[in-house]
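For reference, the structure is listed below as structure tokens.
Derivation of every value follows stated rules applied to the coordinates shown; laboratory data play no part. All values derive from a computational prediction rather than experimental measurement. Positions of Cβ are backbone-derived with ideal geometry, glycine not excepted, and every protein chain shown enters the neighbour counts.
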């Protein structure tokens with residue numbers, strides 16, 4: 001400690017300051033470790049001011065000294081000190097900056113909190129501008145020794161127990177800057193341990209602009225590379241930084257370096273990972289964007305920096321337009337955060353659009369990994385809905401497995417008289433390709449988009465139309481199909497007679513039975529009425545317990561199928577053969593089985609055995 005003079009001045013805290021200090025000490029902060037974040041932030045501000053001062057004043061104290069922060073601890077004595085050689089403070093600044101509330105309205109705020117009996121969050125302290133006082137969570141008495149950088153300045157010692165008063169006295173201090181020291185409470189003695197200090201610095205202040213030393217070792221070794229110019233950052237540096245913030249072993253698939261000045265100022269590095277986690281659709285608690293204020297951590301997972309459907313990205317955002325201690329509620333309603341979110345989202349879209357147009361393989365890799373989450377933005381982000389729709393990719397009946405097509409590409413390849421965009425939803429591509437409803441489209445080389453992601457059944461139908469072309473499931477009965485060429489036209493009377501028998505046999509199990517225009521090889525298929533729910537949507541709703549019972553569907557019968565022709569011959573012979581109704585029921589339940597909707601499989605197997613027994617007599 002520096003030698004003191006005989007002039008000591010006592011100051012009494014104002015009433016509202018006493019109330020605030022009491023809140024800080026007893027109920028405000030829930031994580032005492034943030035005291036170190038506050039002190040490092042204050043030291044960084046002081047060092048930044050000293051760096052600027054050196055540009056205009058060559059007569060400051062120690063102009064060539066390294067700008068740094070030094071932390072000293074003694075676990076046996078439970079002592080802690082933090083010292084910087086920044087701008088320092090005058091006596092007047094000690095009184096105004098440390099001894100009073102920095103912002104108006106605090107007393108009224110405290111009264112409201114008391115009246116409403118609310119629990120204060122630790123981040124609310126940032127509204128008062130006195131984060132320094134968080135030290136009283138871990139110390140009973142705090143001492144500050146400081147000297148302003150001006151060559152003719154004097155040194156001062158500030159001391160307080162955080163209760164009724166503080167003292168300031170003049171001291172002999174040779175160096176510029178500020179040193180804060182105190183003995184830790186027994187309940188906070190862990191903060192005199194080396195491992196704990198390193199842990200906290202790594203969490204909150206790893207990217208501080210100045211070196212932080214603990215026992216002569218620099219403990220913040222990762223550079224805030226987002227403050228560099230893009231052309232100054234090497235790929236290896238970017239990859240190492242990404243792995244540091246994401247705990248990923250792989251290099252990222254791509255990145256964005258953003259630096260904006262204007263209505264909102266911020267710097268950012270955003271990374272798109274190479275691979276998606278196994279629980280992509282449920283990564284609600286995984287850290288995505290780290291939010292910094294002048295290189296000091298504000299939030300570990302700032303969900304307001306990006307839309308929810310982009311939460312797979314990793315990165316940092318650093319802005320001076322938000323206070324250090326900003327609560328989640330403030331970021332949610334902050335116009336600053338809204339502008340940052342909009343800017344980052346726009347840049348991500350620009351990157352994805354560039355990949356989709358010029359780096360197809362890279363975009364396809366992105367889409368295979370993150371498409372299921374990304375496409376949910378169609379129903380949640382209406383300001384970017386059109387951009388998302390343009391970036392959607394689908395497997396197609398005309399492409400090999402693993403190949404993608406866009407809606408734009410689909411429309412450009414439509415047949416001259418085709419008025420609708422067709423799709424089919426199911427569990428996987430293999431089952432979709434075997435779906436009877438696809439037969440007409442395969443035969444006529446009409447492209448059908450194959451949707452096998454569970455989320456597709458909620459997203460794709462909501463698009464409605466694209467380029468003035470309606471989007472329609474081929475499970476629907478009312479699709480616009482042209483007559484098939486080279487198909488034998490069945491006898492109308494025979495068709496009507498057999499269809500009537502189908503209706504009589506199935507009764508209320510189906511909505512209707514009609515001759516099919518879409519079937520080529522299969523005997524029958526089930527389709528959905530105009531206002532009905534397609535099979536895959538019905539399954540998903542049932543899985544979520546939001547749909548009860550099976551909706552009645554329309555059974556289409558392929559009158560040119562050999563089995564159907566055989567049934568017609570049996571009926572023509574005038575025989576009241578029980579095999580007819582057995583086969584009709586079996587055909588119907590066979591379609592249900594293929595769709596995964598057959599509830600009574602035992603009856604199905606029993607009937608199948610009876611039919612085979614009759615056939616082998």
query = Could you state the principal axis extents of the C-alpha atoms in the stretch 344-473, from the largest down, to the nearest angstrom?
reply = 46, 29, 27
ask   = Counting pairs of alpha carbon atoms under 8 Å apart in space and at least six apart in sequence, what relative contact order in percent does the chain give?
value = 9 percent
note = 1/(1 + (r/R0)^6) with r = Cβ-Cβ of residue 141 and residue 278, R0 = 35 Å, i.e. FRET efficiency to nearest 0.05, evaluates to 0.10
message = Using the Cα atoms of the stretch 225-358, I'd like the radius of gyration and the largest Cα-Cα distance, Dmax, both in angstrom.
response = 14.2, 42
request  = Using every Cα-Cα pair within the chain, state what percent have a distance larger than 31 Å.
outcome  = 64 percent
message = For 190, 447, which order do you get if you count the other beta carbons within 10 Å of each Cβ and list the fewest first?
response = 190, 447
query = Once fully extended, how much extra length lies between residue 602 and residue 353, figured as 0.36 nm per residue of separation less the alpha-carbon to alpha-carbon distance?
reply = 84.4 nm
query = Share of antiparallel DSSP beta bridges in the chain, in percent to the nearest 5?
reply = 75 percent
request  = At 0.36 nm per residue, minus the direct Cα-Cα distance, what do residue 478 and residue 419 gain on full extension? Give it in nm, one decimal, please.
outcome  = 20.0 nm
message = Let me check against my output: what whole-number percent is the relative contact order of the stretch 196-352, with C-alpha pairs under 8 Å and at least 6 apart?
response = 20 percent
request  = Report the relative contact order of the stretch 377-432, percent, no decimals, based on alpha-carbon pairs under 8 angstrom and at least 6 residues apart.
outcome  = 20 percent
task = Using only the Cα atoms of the stretch 360-415, each taken as one equal point scatterer with no solvent, compute I(q) by the Debye sum, divide by I(0), and report log10 of the ratio at q = 0.15, 0.17, 0.25, 0.26 Å⁻¹.
result = -0.46, -0.58, -1.08, -1.13
query = When the chain is fully extended, how far beyond the present Cα-Cα distance does residue 379 get from residue 494, taking 0.36 nm per residue of separation?
reply = 36.5 nm
ask   = Going by alpha carbons, how many degrees (0 to 90, nearest 10) lie between the helix axis of 360-374 and the longest principal axis of the chain?
value = 90 degrees
query = With r defined as the distance between the Cβ atoms of residue 167 and residue 386 and R0 fixed at 56 Å, what FRET efficiency is calculated, to the nearest 0.05?
reply = 0.30
remark   = Distance in nm between residue 189 and residue 234 label points, each 7 Å along Cα→Cβ, equals 4.7 nm
key: Förster-model FRET efficiency, 56 Å R0, residue 203 and residue 463, C-beta, rounded to 0.05   = 0.85
Hydrodynamic radius by Kirkwood, which averages 1/r over all alpha carbon pairs of the stretch 199-251, in angstrom = 12.2 Å
message = Compute the angle between helix 194-204 and the longest alpha-carbon principal axis of the chain, please, reported from 0 to 90 degrees and rounded to the nearest 10.
response = 60 degrees
query = Sorted by packing (mean other beta-carbon atoms within 10 Å per residue), highest first, where do 64-73, 50-59 land?
reply = 64-73, 50-59
